[in-house]
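J.: I am attaching a structure below and will ask some questions about it afterwards.
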Amino acid sequence: MFRFFENLVDPYVPYEEKDQPPTKLWPFLRDYAQPFKRIFAWTAFLSLVVASIEIGLISYMGRVVDLLTGPPAQVWQNHGTELILVGLFILFLRPLVQALDVLLLNNSILPNFGTLIRWRSHKHVLRQSVGWFENDFAGRIANRIMQTPPAAGEVVFQVFDAISFSLAYLLGAAVLLAAADPRLLLPLLVWFGFYAGLVRWTIRRVGPASQAASDARSTVTGRVVDSYSNIHSVKMFAHHDRELDYAKEAIENTRTTFFYEMRLYTIMDIALVTLNGFLIVGVVGWAMYLWMQGTASVGVVAAATALTLRLNAMTGWIMWALTTFFRQLGVVAEGMETIAQPIDLVDRSDAEPLQMDIGQIEVRDLSHHYGREMGGLDRINLTVAPGEKIGLVGRSGAGKSTLVKLLLRFYDPELGRILIDGQDIRDVTQDSLRRHIGMVQQDSSLLHRSVRENILYGRPDATEEDMIRAARQAEAHDFILDLNDPAGRSGYDAHVGERGVKLSGGQRQRITLARVMLKDAPILLLDEATSALDSEVEASIQNTLYGLMQGKTVIAIAHRLSTIAQMDRILVMDQGRIVEAGSHDDLLARGGLYADFWSRQSGGFLSPEAAE
């Protein structure tokens, strides 16, 4: 039974991905709710039926009280069948209707609706560009991905469990009192007017207050995760207290916003108790007055009493449901600031996969300054022949990494074009472009998974033998066999920790190299690929890298000039431009910037003066 209701909606159903999702709250929720439309309709209908049954039972209890004023023998003789049927209805049909309502809400909607939002939100965020991620905290992004789905689920829950039920209940209560005596409607309507005013006052303040509190919580998460992710720097610089102060500022802001939110609830509770007192005295007192005047039966008084006591108990729940509804809407609205942002770097509608032929790279009048007037690249022109090995050197900030990022299309250039085998990389799909490029970065971070999964990330369909061969080429196989993690996993099954923190820098770099070697892409980008290795391992791997480069188009960034001295051509960059080009010997003979770098080196590195 449970499985039937749980499978009424598939949260992973195919859908049309939107580069610009709705940015308004209700269109945003409506877009996600499309697979649930039929389930929502049935749940709303059953919620109304449940409320009608509850009102009917109260009304019938008034009738029972009136029946009990007669002789007992006649009550059973005249109404026994009726009482038996009502009893059977209460015992069997009422639980069945309630069960259907609860099954749809708890088992069909809540688990699947949150899952659908989390899945689609994560899918949308993963499509964002590298630049988009660089402008926010990873912790805050993750927090919004995690907190928005349950908040949206709570919104749906309150709509069907409380709001629709309570509206039907209030309408039914008005009909019941009017049927007993229209004058009983007067205190109910007066009470409802004040109650509606209190609701309006509360929800107008709860939504913004909740969004502010949610945003404050996300800021705390972002700052805490930032400290944890950089714990080595925190410990190394002994900034424990500074990090506490940094977090405390956000935590205190969270406390302040929560204070304001809770004040609203306190005012609401006090006002609600006062209003409910008026409701009880007004309706029950009026019913008793009518009974004393002989215009209402004891059953009417009993029904009116039961109804107002039930409303008294429900109003707090309704108010809390409404405030919860709007509070969670505030959380959803805050989450939308991340998960409803448009994709800022997309494939063109007619984009085709990159057709790799010979591996020639052409850079034409390329400029990119990250939206600023300075920095980045300035009118770069470059042709890298198929199979050519290019070395890039230059001071920090000269534009070397920017060129590599643009080649990978992590950003679109502000001016100019990049072509691979005559195809503008903006006209091909991003995935096909990056599948043809292997990249080893200076920051060799790994996924918090097993060594095997990290290496196979380069080519998931590779065999075990291919993976081990790549690890051997990267001088990683022997130390991998000695790895153990706290969960008892060893060797290639051992997990490496967040960003590979459980490994040394050299070990991480060698696993990264093994991953790229396994990928075996026709274009190879190296950004300080051996910077984390000791001299002995570097010398061994350098030979492996030269072997890996054979038949590939290579662009290698290096401050350790000895690692690129054998390249076919070396380009010297300065202030976003290529200022020198030639072989190692040619550049030394020219006596320019490269020769100055070489003369200042100590142990193969650019000196601090040259690197500035």
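The values are calculated or read from the model by the stated rules, or taken from the named source; none is laboratory data. Bear in mind the structure is a predicted one, so any value in this text is a computation, not a measurement. Every residue, glycine as well, gets a Cβ built from its backbone with ideal geometry; the counts of neighbours run over all protein chains shown. Ligands, DNA and RNA are stripped out before the accessible areas are found, and what is left, the full protein with its side chains, is counted by its heavy atoms. Shrake-Rupley method; radii C 1.70, N 1.55, O 1.52, S 1.80 Å.
J.: Sort I117, I251 from largest to smallest accessible area, using a 1.4 Å probe on the heavy atoms of the protein chains.
T.: Values: I117 0, I251 85 Å².
Ranked from most to least accessible, the order is I251, I117.
J.: List the trypsin sites (Lys or Arg not before Pro) within region 287-390 that DSSP assigns to loop and that have no more than 16 neighbouring Cβ atoms inside 10 Å. Spell out each step's value before the answer.
T.: Details: sites: R310, R327, R348, R364, R372, R379, K389; in loops: R348, R372.
Those satisfying the criteria are R348, R372.
J.: Next question. Cross-link partners among lysines for K18, C-alpha distance below 18 Å, same-chain residues fewer than 8 apart left out?
T.: Hits, sequence-local ones excluded: K123.
J.: For every helix of n ≥ 4 consecutive DSSP H residues, a contribution of -39,500 (n - 2.57) applies; sum these over the chain, divide by its total residues, and give [θ] at 222 nm rounded to the nearest 500 deg cm²/dmol.
T.: Working: 23 runs with 360 residues, N = 612.
Value at 222 nm, helices only, nearest 500: -19500 deg cm²/dmol.
J.: Please give the charge dipole size of the chain, origin at the Cα centre, charges +1 on K and R Cβ atoms and -1 on D and E Cβ atoms. Round to the nearest 20 debye. Show your work: numbers first, answer last.
T.: On the way: 58 positive and 68 negative charges, 380 e Å.
So the dipole magnitude of the chain works out to roughly 1820 debye.
J.: Considering all alpha-carbon pairs of region 185-254, what whole percent are spaced by more than 18 angstrom? Don't jump to the answer; show the numbers that get you there.
T.: Details: 1420 of 2415 pairs.
Every Cα pair in region 185-254 considered, those over 18 Å come to 59 percent.
J.: Of all the accessible heavy-atom surface of the chain, with the other protein chains kept in place and a 1.4 Å probe, what percent is carbon and sulfur?
T.: Numbers: 17490 of 30430 Å².
About 57 percent, which is the carbon plus sulfur part of the accessible surface.
J.: Going Cα to Cα from K389, which lysines come in below 27 Å? Please leave out same-chain ones fewer than 8 positions away.
T.: K400, K405, K519, K552
J.: Report relative contact order for the chain in percent, whole number only (criteria: Cα-Cα under 8 Å, sequence separation at least 6).
T.: Numbers: 866 pairs, mean separation 86.1, N = 612.
Contact order relative to length: 14 percent.
J.: Going toward the positive end of the dipole of the chain, with +1 on Lys and Arg Cβ and -1 on Asp and Glu Cβ, which of G139, A556, T257 do you reach last?
T.: The residue sitting most towards the positive pole is T257.
J.: I'd like to verify something in the chain: which complete DSSP H helices, judged by Cα projection on the helix axis, reach 27 Å or more and average at least 0.5 on the Kyte-Doolittle scale? Mind dumping the intermediate values first?
T.: Working: long enough: 37-67 (45 Å, 1.19); 138-158 (31 Å, 0.08); 185-229 (63 Å, 0.33); 240-292 (76 Å, 0.32); 298-339 (60 Å, 1.01).
Taking the DSSP H segments of the chain (at least 27 Å long, mean hydropathy at least 0.5), we get 37-67, 298-339.
J.: Follow-up. Would you tell me the accessible area of R499, worked out with a 1.4 angstrom probe on the heavy atoms of the protein chains, in Å² to the nearest 10?
T.: Roll a 1.4 Å probe over it and R499 shows about 120 Å².
J.: While we're looking at this one, here's another question. Hey, what's the chain come to in accessible area per residue, 1.4 Å probe, Å²?
T.: 50
J.: In region 345-401, which GluC sites (Glu not before Pro) fall in coil by DSSP and have 15 or fewer other Cβ atoms within 10 Å? Walk me through the intermediate numbers first.
T.: Numbers: sites: E362, E373, E388; in loops: E373, E388.
For GluC sites (Glu not before Pro) across region 345-401 that sit outside H, G, I, E and B with at most 15 neighbouring Cβ atoms in 10 Å, the list reads E373.
J.: What does the accessible area of F133 come to, in Å² to the nearest 10, when a probe of 1.4 Å is used?
T.: Result for F133: roughly 80 Å² accessible.
J.: Show me 548-561, 391-404 ranked by packing, highest mean number of other Cβ atoms within 10 Å first.
T.: On the way: 548-561: 20.0, 391-404: 21.9.
Descending mean neighbour count gives 391-404, 548-561.
J.: Also, quick follow-up: So, R0 is 51 Å and r is the distance between the beta-carbons of V281 and Q34; what FRET efficiency does that work out to, to 0.05?
T.: Numbers: r = 48 Å, r/R0 = 0.94.
The value I calculate is 0.60.
J.: Looking at region 22-118, which trypsin sites (Lys or Arg not before Pro) are DSSP coil and have at most 14 other C-beta atoms within 10 Å of their C-beta?
T.: Numbers: sites: K24, R30, K37, R38, R63, R118; in loops: K24.
Here the trypsin sites (Lys or Arg not before Pro) that fit, given the DSSP loop and packing criteria, are K24.
J.: Out of Y15, S108, S52, whose Cα points farthest toward the positive end of the dipole of region 1-115 (charges: +1 Lys, Arg; -1 Asp, Glu; placed on Cβ)?
T.: The residue sitting farthest along the positive end of the dipole is S52.
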